[in-house]
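Nothing in this text is a laboratory measurement; each read-out follows from the coordinates by a stated rule. These numbers come from a predicted model, not from an experiment. All Cβ positions, glycine included, derive from the backbone under ideal geometry; neighbour counts span all protein chains shown.
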Amino acid sequence: DQQVKQNSPSLSVQEGRISILNCDYTNSMFDYFLWYKKYPAEGPTFLISISSIKDKNEDGRFTVFLNKSAKHLSLHIVPSQPGDSAVYFCAATDSGTYKYIFGTGTRLKVLA
Amino acid sequence: KAGVTQTPRYLIKTRGQQVTLSCSPISGHRSVSWYQQTPGQGLQFLFEYFSETQRNKGNFPGRFSGRQFSNSRSEMNVSTLELGDSALYLCASSLDRGRSSPLHFGNGTRLTVT
């Protein structure tokens, strides 16, 4: 049972435009969400997070939006740069277990 | 500060053998988690250790086991290897348990079972 889903395996965006990566979850106990970025031959690196008490968190070019009623979050990258080309994973956890559940990832390709 | 170190980087084993993977967390980090990454499955949670105790376990068979030492270093063992165990195994450490301590990942051990 995939509790965290990333339904788009890949996404291509032109440099300078907005990239929107989506993530859905099914477990209503999740109260903290994160995005990680992974380059080939490297481990994932932490990008940005959001608590369930917020609906938006911003860090430079990266913004995460959370819609609790829809159990949906999205990562916006503006403007997209070729160096953003990577696989992006969303993850969720609840304050009871501290177990992070990851999605299957979305491969972003930013075209120069 | 050194990052999370996983050894070895690559392993080739034969079906039925066993394997041990090693993870050295960032200095001062007390929590270590293990994940399996396969194409199309994302990162599947294996287990988490904190203060030498397994705190969480994912849905993997008993062939997968782990332990954590007093210096927070961790090992993961897979016995009676199957072809489907071929994957990238990632170790992550965090300062503590909880949201204020994001996971820091190593570069993984690529295991190939033939």
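The mean number of partner chain beta-carbon atoms within 10 angstrom of a residue's beta-carbon across peptide A:26-34 is 1.
How would you classify the stretch A:27-101 from its alpha-carbon gyration tensor, with a ≥ b ≥ c the square roots of the eigenvalues: rounded for a/c under 1.5, else prolate if a/b is greater than b/c, otherwise oblate?
Note, shape of the stretch A:27-101 comes out oblate.
Dipole magnitude for the stretch B:41-82: computed about the Cα centre from +1 point charges on Lys and Arg Cβ and -1 point charges on Asp and Glu Cβ, it is near 60 debye. Using C-alpha pairs under 8 Å with a sequence gap of at least 6, the mean separation divided by the residue count of chain A gives a relative contact order of 37 percent. Taken one residue at a time, the phi angles of the stretch A:100-112 give Karplus couplings (6.51, -1.76, 1.60, θ = phi - 60°) of 8, 10, 9, x, 7, x, 10, 8, 9, 10, 9, 8, 6 Hz. Gly and Pro are set to x. Peptide B:92-105 has a mean shielding of 4, counted as Cβ atoms of other protein chains within 10 Å of each residue's Cβ.
Between the alpha-carbon centres of the stretch B:63-111 and the stretch A:3-61 there is a gap of 22 Å. The 3J(HN,Hα) values that the Karplus relation (6.51, -1.76, 1.60; θ = phi - 60°) gives for the stretch A:29-45 are, in residue order, 7, 4, 9, 8, 10, 9, 10, 10, 10, 10, 8, x, 6, 10, x, x, 10 Hz. Gly and Pro appear as x. Converting phi to 3J(HN,Hα) with the Karplus coefficients 6.51, -1.76 and 1.60 and the offset θ = phi - 60°, the stretch A:16-25 yields x, 8, 8, 9, 10, 10, 10, 8, 10, 9 Hz in sequence order, with x at every glycine or proline. Taking every alpha-carbon pair under 8 Å whose residues sit at least 6 apart, chain B reaches a relative contact order of 37 percent. Projected over every direction and averaged, the convex hull enclosing the alpha-carbon atoms of the stretch A:68-112 yields 4.4 nm².
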